[in-house]
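Beneath this line is the structure, given in structure tokens, with notes to follow.
The values are calculated or read from the model by the stated rules, or taken from the named source; none is laboratory data. Bear in mind the structure is a predicted one, so any value in this text is a computation, not a measurement. Here the Cβ positions follow ideal geometry from the backbone for every residue, glycine too, while neighbour counts run over all protein chains shown.
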């Protein structure tokens, strides 16, 4: 079975969610409901909190279903590369 991934991107970070890995611990949405809301579609509002708060919360995911990578930006243009 192929692994499904969903990407949520703001200017600084990309959050990846792999639903097949999720154990529904509820840690993400209990601690940062402004970003992670299981009743909303899409359920991740990447603009709902600062990048730092999002990264801190994603690091707490016990299953690894949520991961992140920092986006590279060009200092000259301010655009993603």
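Which one is nearest to the chain's Cα centre (by Cα) among residues in segment 6-59 that are closer than 16 Å to residue 71 by Cβ, part of a loop (DSSP other than H, G, I, E, B) and in contact (Cβ under 8 Å) with a residue 40 or more places away in the chain? Looking at residues that are closer than 16 Å to residue 71 by Cβ, part of a loop (DSSP other than H, G, I, E, B) and in contact (Cβ under 8 Å) with a residue 40 or more places away in the chain, I get 10.
You will find that of 78, 64, the residue that is on the phi > 0 side of the Ramachandran plot, modelled with pLDDT under 95 and part of a loop (DSSP other than H, G, I, E, B) is 78 and no other.
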